[in-house]
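Asker: Got a structure for you, written out below as structure tokens; questions coming shortly.
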């Protein structure tokens, strides 16, 4: 269980005082968002799903359960596992906000990460 809350927000939303550490977890930079407006502490693209998985999933809600299974398997790969462990360390110090550009953050990789980090 994490020491602090982990939340998911869209990268385009204004930051909140309660956000804590703000980490973008998408592989691709959000379209039209400047680095200044993003107010990021980090961009952890190493934890993002593979391009092949992201393309297959395409944020089709009916595929979210299978996406979660496949993504969790990808998180076992050394580079992603190290990036995920880094997120685990970040949440020990203060609240963690995982940012994504998707229009449906509740069915994104950020949502999967939040569940894993909160358990």
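Asker: On a full-extension model of 0.36 nm per residue, what is the gain between residue 77 and residue 115, subtracting their alpha-carbon distance, rounded to one decimal in nm?
Answerer: Difference between extended and current length: 11.8 nm.
Asker: Can you give the relative contact order of the stretch 1-86 as a percent, counting alpha carbon pairs under 8 Å and 6+ residues apart? Intermediate values should be presented prior to the final figure.
Answerer: Numbers: 61 pairs, mean separation 20.9, N = 86.
After rounding, I find 24 percent.
Asker: Moving on to the next point. Kirkwood Rh over alpha-carbon pairs of the stretch 6-118, then Stokes-Einstein at 37 °C and 0.692 mPa s: what D in µm² s⁻¹, rounded to an integer?
Answerer: D = 234 µm²/s.
Asker: On to the next question. Could you tell me the center-to-center distance, by alpha carbons, between the stretch 1-57 and the stretch 89-114 in angstrom?
Answerer: Taking the Cα centre of each part, the stretch 1-57 and the stretch 89-114 sit 6 Å apart.
Asker: Roughly what would the spin-label model give for residue 16 and residue 42, points 7 Å off Cα along C-beta, in nm?
Answerer: Result for the modelled spin labels: 2.2 nm.
Asker: Taking the mean number of other Cβ atoms within 10 Å as a proxy for protection, how do you rank 106-112, 92-98 from highest to lowest? Numbers along the way, then the final one.
Answerer: On the way: 106-112: 21.4, 92-98: 18.7.
Put in order of decreasing packing, that is 106-112, 92-98.
Readers should treat all values here as calculations from the given coordinates under stated rules, not as data from a laboratory. Fair warning: this is a prediction, and the values are worked out from it, not measured in the lab. Here Cβ is always computed from backbone atoms with ideal geometry, including for glycine, and neighbour counts include all displayed protein chains.
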